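The values are calculated or read from the model by the stated rules, or taken from the named source; none is laboratory data. Bear in mind the structure is a predicted one, so any value in this text is a computation, not a measurement. Reconstructed Cβ throughout: ideal geometry from the backbone, glycine too, with neighbour counts over all protein chains shown. These accessible areas exclude ligands, DNA and RNA; they are computed on the full protein's heavy atoms, side chains included. Shrake-Rupley method; radii C 1.70, N 1.55, O 1.52, S 1.80 Å.
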Amino acid sequence: MTVVHEREPVTEILRAMAVDADVCHELVRAARAQSPEVARLPEAETRSHVTAMIRAAGGWFSTFDRVEHEDFTAALLLGADRAGQSVPMTAVLRGVQAALTRAVEITVDRCRAAGVPDGALLTLVLRLKEYGDAVERHVINGYRAAERAAPHETAEVRTSLLRRLLVGGVVPSAEEMTRAGAPPDGGGLHHCLVADATDPASARRLMDRFSALRGIFGLVEGRLAGLCRRMPGSTEAGTGTLVVVSSAAPLEEIRPLYRLCTRALDIGVRQRRHGRYELTDFAAEIALADQPLLGAQLSGRLLGALDQSDDFHRQLALTALTFLDNGRRLDQTATALFTHPNTIRYRLDRLQQITGQSLTDLPPESLSGPLSTLHWWWALTTWLGGPDRDDSGA
């Protein structure tokens with residue numbers, strides 16, 4: 001009787017958690033923090049699954065002896081949805097486990113605050129552990145069932161092919177490409193495309209615009225990806241969504257290009273870019289991100305005398321970077337920063353006085369002009385915070 005008596009307050013606590021927006025936000029944050037692939041999906045979608053599973057937890061605890069009647073529809077749907085979005089199973093489980101762990105922590109804290117005795121808390125933790133294990137099993141079952149579903153529609157065939165190629169590195173045969181609607185003609189070269197479209201509705205809108213590209217598209221790892229015969233024009237890509245496209249390459253070379261495109265997309269999203277970009281537009285920023293230690297060394301050598309906490313010093317560095325981005329033109333730099341060319345000249349002079357390094361005059365026996373510009377750009381970008389810096393406060 002004691003166990004039954006203690007079950008009521010615990011069940012009420014779980015029910016209250018299911019409608020507590022702060023709790024749901026905590027669990028969603030935990031899932032997204034542990035799984036970057038889940039973090040790329042719309043937050044509202046993750047929240048809906050989290051809410052449904054918290055509600056189910058209350059039912060699980062209150063039906064102690066009737067586990068076979070429990071409803072795990074939410075977990076099955078979560079697994080099926082993530083399979084349809086081509087999020088890897090390991091990424092799905094990382095997010096689920098992180099959310100479940102945080103849910104147990106919050107539940108225990110609230111139960112202690114409500115005066116639930118330690119003996120009942122131990123029963124609760126064990127019971128929630130059983131629930132978590134059951135949730136994981138049903139997520140896996142839902143995921144596997146979606147994978148096994150016969151791909152009757154062309155869209156499913158295409159998504160499956162793309163996932164195997166872009167994630168698994170399995171190069172499709174000519175027959176598979178033909179079945180997906182992209183027969184291997186024209187030398188077998190394709191552009192790899194990745195777009196910042198993470199939900200089915202926005203992905204479908206983009207795919208409609210890409211219909212003339214003779215390509216195949218689908219949601220892979222939570223974002224729209226695809227192969228196309230020709231580079232999409234700016235009108236086809238639109239201006240509202242960031243799209244990154246590689247140069248044309250054989251299918252055997254597409255997987256590494258896909259990884260570079262996703263990295264470029266991540267940089268572009270942080271910079272709030274929109275519209276179509278070629279992969280090579282991000283070449284320097286990807287290389288910079290790959291060598292942070294070398295960038296820090298350059299920054300220390302050229303800008304070591306600057307103080308990152310000094311707003312004026314940050315203004316000098318941003319002016320110098322804008323000067324390089326505008327071809328070392330004072331007039332264009334002044335226009336970009338909404339100031340006078342004489343102000344730009346003054347800031348560059350002050351930068352030289354503080355650092356002892358000249359951005360405009362190459363000393364004897366120095367590097368060539370292009371290499372010197374590259375080193376300055378790399379040092380300034382690193383010092384200001386990397387390729388995803390926020391220049392809005394300049």
In the Gaussian network model of the chain, springs joining C-alpha atoms below 10 Å, which of Gly240, Gly222, Gly95 carries the largest mean-square fluctuation?
Gly240
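Roughly how compact is region 101-142, stated as its Cα Rg over 2.2 N^0.38 Å to two decimals?
Values: Rg = 12.0 Å, N = 42, 2.2 N^0.38 = 9.1 Å.
This ratio for region 101-142 stands at 1.32.
Normalising by the residue count of region 129-244, find the relative contact order in percent from Cα pairs under 8 Å and 6+ residues apart. Each step should come with its number before you reach the end.
Values: 123 pairs, mean separation 28.8, N = 116.
That works out to 25 percent.
Once the piece of chain linking Asp109 and Arg329 is laid out straight, how much longer is it, given 0.36 nm per residue of separation minus the C-alpha distance between them?
Numbers: separation 220, 0.36 × 220 = 79.20 nm, distance 6.06 nm.
Contour length minus the Cα-Cα distance gives 73.1 nm.
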Report Glu147's accessible area, 1.4 Å probe, all protein chains in place, as a number in Å² to the nearest 10.
90 Å²
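How high is the relative contact order of the chain, given as a whole-number percent (alpha carbon pairs under 8 Å, six or more residues apart)? Walk me through the numbers before you get to the answer.
On the way: 522 pairs, mean separation 49.6, N = 394.
Worked out over the chain, it gives 13 percent.
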Phi to ³J(HN,Hα) by Karplus 6.51 cos²θ - 1.76 cosθ + 1.60 over region 29-44, Hz, x for Gly, Pro
4, 5, 5, 6, 5, 8, 9, x, 5, 5, 4, 6, 7, x, 4, 4
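By how many nm would the segment from Ser309 to Gln357 grow when fully extended, if each residue of separation counts as 0.36 nm and the alpha-carbon distance is taken off? Could the numbers behind the result be given before it?
On the way: separation 48, 0.36 × 48 = 17.28 nm, distance 2.02 nm.
Full-extension gain reported as 15.3 nm.
Taking all protein chains as present, what is the carbon and sulfur share of the accessible area of the chain, in % to the nearest whole number, probe 1.4 Å? Spell out each step's value before the answer.
Working: 10390 of 19500 Å².
So the carbon and sulfur contribution to the accessible surface is 53 percent.
Counting helices only, and only those DSSP H runs with n ≥ 4, report the 222 nm mean residue ellipticity of the chain as the sum of -39,500 (n - 2.57) divided by its residues, in deg cm²/dmol to the nearest 500.
The helix-only estimate for the chain comes to -20000 deg cm²/dmol at 222 nm.
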Which one, Cys24, Cys228, Cys111, has the greatest fluctuation when you compute a Gaussian network model over the chain with C-alpha springs under 10 angstrom?
Cys111
At 7 Å along the Cα-to-beta-carbon direction for both His340 and Arg301, put a label point, then send me their distance in nm to one decimal.
3.7 nm
Run through the DSSP bridge list for the chain and note the antiparallel percent, rounded to the nearest 5.
80 percent
So for Ser234, Ser202, Ser86, what's the accessible-area order with a 1.4 Å probe, most first?
Ser234, Ser202, Ser86
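Roll a 1.4 Å probe over the protein chains and send me the accessible area per residue for the chain in Å².
Numbers: 19500 Å² over 394 residues.
Roughly 49 Å² per residue, with all protein chains present.
Pull up the DSSP beta bridges for region 185-324 and report the antiparallel fraction as a percent, rounded to 5. Each step should come with its number before you reach the end.
Numbers: 15 of 19 bridges.
Approximately 80 percent, going by the DSSP bridge assignments.
With only alpha-carbon atoms in the gyration tensor, what are the semi-axes of the equivalent ellipsoid for the chain, in Å, largest first? Don't jump to the answer; show the numbers that get you there.
Values: eigenvalues 467, 210, 49 Å².
Rounded to whole Å, the semi-axes are 48, 32, 16.
Write down the Å³ per residue value for the convex hull defined by the alpha carbon atoms of region 182-296. Mind dumping the intermediate values first?
Details: hull volume 11.9 nm³, N = 115.
About 103 Å³ per residue, rounded to a whole number.
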C-alpha long axis of helix 254-270 to longest principal axis of the chain, angle in °:
80 degrees
On the full set of protein chains, 1.4 Å probe, figure out the accessible area of Arg276 and give it in Å² to the nearest 10.
80 Å²
Ignoring ligands and nucleic acids, what accessible area does Ser211 show with a 1.4 Å probe (Å², nearest 10)?
90 Å²
